[in-house]
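Working notes for the structure below.
What follows is calculated from the coordinates using simple rules that are stated; it is not laboratory data. Nothing here was measured: the structure is a model prediction, and the numbers come from that model. Glycine also receives a Cβ, built like all others from the backbone with ideal geometry; neighbour counts cover every protein chain displayed.
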Amino acid sequence: EQIIFGKNYDGTPYSPNFSKDGEKILFSLHKHNKKQICIMNSNGTNLEVMLEGNFSQPTWRNNNEIFVKKNLGGNGEIFLYNLKTKEQKRVSYNTIDEISVSVSDNGNLLLIYGDRKAELIDLTKIDK
């Protein structure tokens with residue numbers, strides 16, 4: 001079955017990706033000059049706006065946590081967002097304007113790359 005984003009709501013979706021269990025789809029939505037981070041069921045139902053503001057490029061860490069890029073004064077930084085508690089934790093403090101992130105399969109390593117530089121972050125240290 002094909003899910004057409006435009007049929008389900010108004011806005012332009014970016015960076016869609018499935019949760020680790022395949023039950024949810026995470027994506028950025030640009031709607032009327034607003035940026036939102038949204039989650040919906042993999043069948044296209046139950047759209048929820050999780051974050052609104054200067055957030056983009058969401059990526060799953062696990063089924064309960066996502067990484068998002070947040071623009072802070074012209075420089076993108078990466079935040080970990082807990083879907084249950086709604087807590088945000090900044091995980092990058094650098095001069096790289098983060099273009100993209102990649103998470104290891106076990107969720108313990110985060111690779112951030114941009115501006116022809118890369119940084120590897122051990123997430124087990126920030127979980128403490």
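Its DSSP H runs of at least 4 residues, each contributing -39,500 (n - 2.57), put the calculated 222 nm mean residue ellipticity of the chain at -1000 deg cm²/dmol, to the nearest 500. Taking a straight line from the alpha carbon of Lys125, these lysines sit under 18 Å away, with near neighbours fewer than eight places off in the same chain left out: Lys89. Taking 0.36 nm per residue of separation and subtracting the Cα-Cα distance, full extension of the segment from Asn94 to Asn33 would add 19.2 nm. Which of the residue pairs Lys31/Lys117; Lys20/Lys117; Lys24/Lys69 have a Cα-Cα distance greater than 25 Å in the structure shown? Long pairs (Cα-Cα over 25 Å): Lys31/Lys117; Lys20/Lys117. Electrostatic tally near Leu110: other residues with Cβ closer than 9 Å to its Cβ, Lys and Arg +1, Asp and Glu -1, net -1.
Taking 0.36 nm per residue of separation and subtracting the current Cα-Cα distance, fully stretching the chain between Asn41 and Asn64 would add 6.9 nm.
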